[in-house]
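Report on one structure; see the data block that follows.
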Amino acid sequence: MTGFFITGTDTGIGKTYVTCALLRDLCRRGLRPMGYKPVACGDRSDPRAMRTAAAAPSLSLDAINPVYLRAAVAPSIAAELESRVLSIDEMVAGAHVLSDTGYNPILVEGAGGWETPLASGSTMADLAEKFGLPILIVVGNKLGAVNHAILSAQAIRTRGMECRGFVLNQMSDEWDAAAVSNRRLIEQYTGLPVLAEFIHGQEDIDSHTVLGL
């Protein structure tokens with residue numbers, strides 16, 4: 001399976017926004033990509049947005065998002081509230097089904113940040129490791145972003161996994177000293193590239209530059 005695992009430095013920092021921009025550009029280039037959200041908590045707006053971006057309205061939400069949990073909390077807690085046992089193997093298998101039916105690449109989007117609790121004794125990082133795909137980190141371009149980016153990159157490297165780099169997402173119209181300097185510091189302290197920098201409201205992205213595909 002060709003694809004990437006898209007994680008973030010926090011929840012609500014634009015993972016789905018970036019994923020959808022990549023899907024739209026991949027489609028424009030003539031590819032047949034698909035987004036995949038193994039687990040969604042609270043609502044299914046993320047997988048719906050990915051399905052629209054990939055121009056696949058007939059594909060079922062269950063195919064894109066096999067695990068939907070109603071509570072807007074960490075998956076481990078949301079699953080407890082519904083007395084459900086989550087299976088990492090089943091989540092990975094769902095992405096392979098999409099790949100086997102002709103979708104390529106598959107952009108797998110995690111929930112929350114890199115170490116968000118997923119199931120008993122496991123986190124989102126364990127799921128990413130099971131996929132074995134290169135990692136793309138979405139960073140909210142704000143104060144504190146450098147620390148979060150460094151910690152995320154270190155955690156990925158500790159597991160011996162490949163990190164493609166970062167996408168910086170400017171989350172407001174206002175620029176401050178942190179937003180202006182974050183890119184330089186993140187690249188300096190991680191040795192990884194910032195592959196794209198979204199300004200607030202930007203919708204397009206160069207998927208070839210970001211993904212190398």
If the requirement is being in contact (Cβ under 8 Å) with a residue 40 or more places away in the chain and farther than 24 Å from ARG159 by Cα, which of these qualifies: LEU86, LEU26? LEU26
Residue set ALA21, ALA40; condition of a type outside the set (S, T, N, Q), closer than 28 Å to VAL146 by Cβ and not in a loop (DSSP other than H, G, I, E, B); output residue ALA21
Does the range 114-136 contain any residue that is of a type in the set (Ser, Thr, Tyr) and assigned to a strand (DSSP E or B)? yes
One residue from LEU86, LEU143 being part of a loop (DSSP other than H, G, I, E, B), touching a helix residue (DSSP H, G or I) at 6+ places or on another chain (Cβ under 6 Å) and surrounded by fewer than 14 Cβ atoms within 10 Å (Cβ to Cβ): LEU143
Filter result for THR19 (buried (at least 22 other Cβ atoms within 10 Å of the Cβ) and in contact (Cβ under 8 Å) with a residue 24 or more places away in the chain): yes
Could you check the range 167-213 and list, in sequence order, the residues that are of a type in the set (Phe, Trp, Tyr) and either part of a loop (DSSP other than H, G, I, E, B) or loosely packed, with under 15 Cβ neighbours inside 10 Å (or both)? TRP175, TYR189
Among residues of the range 146-166 being in contact with a helix residue (DSSP H, G or I) (Cβ under 9 Å, 6 or more places away or on another chain) and of a type in the set (A, V, I, L, M), the residue surrounded by the most Cβ atoms within 10 Å (Cβ to Cβ) is ALA149
Say whether the condition of being in contact (Cβ under 8 Å) with a residue 12 or more places away in the chain, among the acidic types (Asp, Glu) and under 13 Å from ASP10 (Cα atoms) is met by at least one residue in the range 155-165. no
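Only the coordinates and a few stated rules stand behind these numbers; no lab work does. Note that this is a predicted model, so its numbers are computed, not measured. Note that we place each Cβ from the backbone using ideal geometry, even for glycine, and neighbour counts take in every protein chain shown.
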